[in-house]
Amino acid sequence: MSIRERLSGNEAVAVAMRQINPDVMPAFPITPSTEIPQYFSAFVANGQVDTAFVPVESEHSAMSAAIGAEAAGARTLTATSSCGLALMWEELYVAASDRLPIALALVNRALSGPININCDHSDAMGARDAGWIQIFSESNQEAYDNFVQAYRIAEHKDVRLPIMICQDGFITSHAVENIELIEDDKVKAFVGEYCPENYLLNDNGTMAVGPYAIPAYYMETKRAQLEALKNAKKVALEVAEEFEKISGRKYGLFETYKTEDADYIMIIMGSAAGTGKEAVDELRAEGKKVGLLKIRLFRPFPSEEIANAIKHVKYIACMDRTESFNGHSGPIGNDVRTALYNAKADCEVINYVYGIGGRDVTVESLKSVYEALMEIEKTGDVGERYHYLSLRD
């Protein structure tokens, strides 16, 4: 029987970490993820876990320590945000290329400058090509559920890659919501023990982690890494199916909301998806054929699956909570356009930058996006394909 609680997203993730009981947690505080290691260090001090908690001098050190611990054979996790993730930049690539299934709780926050501590996805998007699995959460419940599933995906023999579980800074990380926790014993049984095949402290074998790769071998390692990342799609679905049995909650690579007969669809990620669903409901009540697709698994990007789900749609708005500074498209916009092109789908795609630096995302603002798509169909004039939403004049 599930346990009903009222928790912030940060506390919910910390509870998932406690239930997993990892071997090592190196961490350095940064807003708005600071509460996660703060809560977890209390679990360590109270004897609720037997994790080695390692306070370090920077986020670069946190990921370096995580790499060393994981390479030694210890199940390892950490948490960070924004500039903390940026300071880990070098080590993110090392963790992925060394095929180390570290779990990272990423509480999304704008990158400086100017200095801003509020939500957007620029930190995760900066690391989207580092080779990590990236899963985004709409709610506190999803942040908890996704973290419980994280190691089952990352540690799978066909994957063995690090994983980021992302949630929106302050919006979910600090807001308190009703949540259903799974009993400790069920989580422990679901996640299981970590039994790596190869690790540095294994007395029965020798190995090197992160050796120098000459040109004759480097490309092959990257190709193998890509294959492992692609495998994460199938594994994520298998893990989600098992998770549904212990939780009653169903997850996929993405979620569709009233898309079956929709002419206009919004593609979005994170907490704003809930606002988008409310906008869909209000416009549906007016007889408008609108829908929403919420991306859960962003890396690897489920290109074929998303294209098949939306190729019947006339007009699509891709919502990016970051700025790519290429002048024409954001990360979601780029990936969706490529998916549709490969599927030979005839859809008009308009890209919006929204909510960066913590700018409010309201039902009315997202309804205006659908209304703009309808106006394009009415007039036949697509005009500019790259917009800022709710920008002050």
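The values are calculated or read from the model by the stated rules, or taken from the named source; none is laboratory data. All of these numbers come straight from a predicted model, not from anything done at the bench. With ideal geometry, Cβ positions are generated from the backbone for all residues, glycine too; neighbour counts draw on all protein chains shown.
Quick one: count up the residues across the stretch 203-220 that are in contact (Cβ under 8 Å) with a residue 24 or more places away in the chain and aliphatic (A, V, I, L, M). Number satisfying all stated conditions: 1. Taken over the stretch 212-237, the residue count meeting the criterion of being loosely packed, with under 10 Cβ neighbours inside 10 Å and part of a loop (DSSP other than H, G, I, E, B) is 2. The condition of being touching a residue at least 12 places away in the same chain (Cβ under 8 Å) and outside any helix (DSSP H, G or I) holds for Ile265. Considering only residues in the stretch 238-250 that are surrounded by 13 or more Cβ atoms within 10 Å (Cβ to Cβ) and touching a strand residue (DSSP E or B) at 6+ places or on another chain (Cβ under 9 Å), the one that is farthest from Lys186 (Cα to Cα) turns out to be Arg249.
Every test in (1) modelled with pLDDT of 95 or more; (2) surrounded by 15 or more Cβ atoms within 10 Å (Cβ to Cβ) is passed by Tyr199 save one, and that test is (1).
Among the conditions (1) buried (at least 21 other Cβ atoms within 10 Å of the Cβ); (2) touching a helix residue (DSSP H, G or I) at 6+ places or on another chain (Cβ under 8 Å), Lys188 misses just one, which is (1). Taken together, Ala27, Ala12, Ala42 contain a single residue that is under 30 Å from Arg249 (Cβ atoms), of a type in the set (A, V, I, L, M) and surrounded by fewer than 20 Cβ atoms within 10 Å (Cβ to Cβ), which is Ala42.
Looking across the stretch 91-136, just one residue is in contact with a His (Cβ under 7 Å, 6 or more places away or on another chain) and farther than 21 Å from Ser324 by Cβ, and that is Glu91. Of the residues contained in the stretch 188-202, one or more are found to be more than 13 Å from the chain's Cα centre (by Cα), assigned to a helix (DSSP H, G or I), in contact (Cβ under 8 Å) with a residue 60 or more places away in the chain and over 27 Å from Ile332 (Cα atoms). Among the residues of the stretch 126-168, just one is touching an Asp or Glu at 6+ places or on another chain (Cβ under 9 Å), farther than 26 Å from Thr256 by Cβ and surrounded by 24 or more Cβ atoms within 10 Å (Cβ to Cβ), namely Pro162. From the list Phe147, Phe170, the lone residue that is closer than 20 Å to Arg249 by Cα, aromatic (Phe, Trp, Tyr) and touching a residue at least 24 places away in the same chain (Cβ under 8 Å) is Phe147.
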